[in-house]
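Following: one structure in structure tokens, then a few remarks.
The values are calculated or read from the model by the stated rules, or taken from the named source; none is laboratory data. None of the values given here were measured: they were computed from a predicted structure. Cβ placement follows ideal geometry from the backbone for every residue including glycine, while neighbour counts extend to all protein chains displayed. With ligands, DNA and RNA removed, areas are computed over all heavy atoms of the protein, side chains included. Shrake-Rupley method; radii C 1.70, N 1.55, O 1.52, S 1.80 Å.
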Amino acid sequence: MLRIAINGYGRIGRSLLRAIYENGYRQQFQVVAINELSDIDTISYLTRYDTTHGRFPKPVSVDESRLIIGEDSIQCFSERDPANIDWKSLNIDLVMECSGSFSSRHDAQRYLDAGIPRLLLSQPASSEVDATIVHGFNEHDLSNQQTIVSAASCTTNCVIPVFDVLQKLCGLEHGTTQTIHSAMNDQPVIDAYHTKDLRLTRAAISSIIPVDTGLAKGIARLMPSLSGKIECNAIRVPTLNVSVVDMVVRTNSDVTVEQVNDALRNAATSKYAGIVGFTQEPHASVDFNHDPRSVIIDGTQTKVVDSRMVKLLCWFDNEWGYANRMLDVAVQWAMVLKS
Ligand SMILES: NC(=O)c1ccc[n+]([C@@H]2O[C@H](COP(=O)([O-])OP(=O)(O)OC[C@H]3O[C@@H](n4cnc5c(N)ncnc54)[C@H](OP(=O)(O)O)[C@@H]3O)[C@@H](O)[C@H]2O)c1
């Protein structure tokens, strides 16, 4: 059983804990500690009640600085600097780093120096970390020598399996993606001075807001043959959760809508079972809230222009899908460590 800690108990950190109890991961993980800047009563409250995902599936209470979940007891800390926690005495195997504050090897090294053997980052990292893993695509790249690994971004987890399927079906020449992403906690509810990105100072509930995205870099890192060939944009919209990528690619050989949809439908039941979904129901984004898959292709929206331009609509639950993939990466890493 892997002994883990969650650092940063926000949307992703809490989704991780919930997925451990809800989706059967508890057999593989014991959550030993949570480090979050808030106080234990607020941590408990936000564990029990969640506007997006509903009530926690188990009883949750507080015992001094410990969060009690059913029979389990989790030590909680409130330290901005990981070096201030005596991780060694907790005998942690892996920290799930979900604060968004440690994305370079240099920053993440603070954990290793504090006695943590391994770190899994909930975001794309600078290139010098040991690996960037999109579960289903390259988890075989995990090794027991690695100490700092990134689980990429939710959007990278959405598009890479789709590009992989298309690359094999018809080859990819170039393309663009537009991510339409639900609101996040780096946006204010109403206008506020809170970030250096001017557009992120604007009220999340009032506007459709273009934001920067590192997706093109993430795609190039995972699929070097697409380096410089895919350009990406992103906008935030006033919904709580669930996002969608509108993807347009030029292919190397002729295809039809049926061939593209068949390839993606087949991937959903073979190589990418549990990771890719395929639907032809008339859906709205809310239908994918709490969906654990990395991407669900909306086959009703697939278009092909002139045999070589393919347009796809790819849904994903940016919180729940991503948290489940992060846990899959951790499970895989644990298996590699054991072997
Ligand atoms: N939300 C998504 O859809 C999504 C999907 C995939 C990946 N991610 C990535 O996951 C990371 C977290 O995103 P999120 O949406 O979960 O953000 P969030 O809801 O803001 O959660 C981050 C939490 O970490 C806390 N924190 C900040 N610095 C800390 C530190 N040094 N030590 C301990 N806790 C600290 C924050 O506290 P304060 O609020 O007090 O600062 C906050 O509660 C980001 O890198 C994001 O890009 C997010």
Does Ser15 count as in contact (Cβ under 8 Å) with a residue 12 or more places away in the chain, assigned to a helix (DSSP H, G or I), more than 10 Å from the ligand (Cβ to nearest atom) and among the hydroxyl-bearing types (Ser, Thr, Tyr)?
-> no
What about Thr155, is it among the hydroxyl-bearing types (Ser, Thr, Tyr), open to solvent by 10 Å² or more (accessible area, probe 1.4 Å) and in a strand (DSSP E or B)?
-> no
Taking segment 260-280 and keeping only residues that are in contact (Cβ under 8 Å) with a residue 12 or more places away in the chain and in a loop (DSSP other than H, G, I, E, B), one is left with Ala268, Lys271, Tyr272, Gly274, Ile275, Gln280
Having 3 or more residues that are open to solvent by 40 Å² or more (accessible area, probe 1.4 Å) and within 16 Å of the ligand (Cβ to nearest atom) is the bar; report the helices (runs of 4 or more DSSP H) wholly within segment 29-113 that clear it.
-> 40-48, 105-113
Looking at segment 125-145, which of its residues are in contact (Cβ under 8 Å) with a residue 60 or more places away in the chain, more than 13 Å from Leu222 (Cβ to Cβ) and surrounded by fewer than 20 Cβ atoms within 10 Å (Cβ to Cβ)?
-> Ser143, Asn144
If the Cβ limit is 8 Å and pairs must be 6+ apart or interchain, which residue in segment 53-78 that is closer than 14 Å to Asp39 by Cβ and assigned by TED's automatic domain parsing to the domain that holds Arg26 pairs with which residue that is among the acidic types (Asp, Glu) and open to solvent by 30 Å² or more (accessible area, probe 1.4 Å)?
-> Val62/Asp41; Cys76/Glu36; Phe77/Glu36; Ser78/Glu36; Ser78/Asp39
Do we have Glu258 as open to solvent by 10 Å² or more (accessible area, probe 1.4 Å), away from the ligand (no atom under 16 Å from the Cβ), closer than 20 Å to Gln178 by Cα and of a type in the set (D, E, K, R) here?
-> no
Can you find even one residue in segment 118-132 that is more than 16 Å from the ligand (Cβ to nearest atom) and closer than 30 Å to Val310 by Cβ?
-> yes
Ser207 versus (1) out of contact with any strand residue (DSSP E or B) (no Cβ under 7 Å at 6 or more places or on another chain); (2) over 21 Å from Gly321 (Cβ atoms); (3) within 16 Å of the ligand (Cβ to nearest atom): which is the lone unmet condition?
-> (3)
Could you tell me which of the residues Met326, Met247, Met309, Met335 is open to solvent by 40 Å² or more (accessible area, probe 1.4 Å) and under 25 Å from Ile235 (Cβ atoms)?
-> Met309
Residue selected from segment 167-201 under the condition open to solvent by less than 70 Å² (accessible area, probe 1.4 Å) and without any contact (Cβ under 8 Å) to a residue 12 or more places away in the chain, by the criterion nearest to the ligand (Cβ to nearest atom) = Thr195
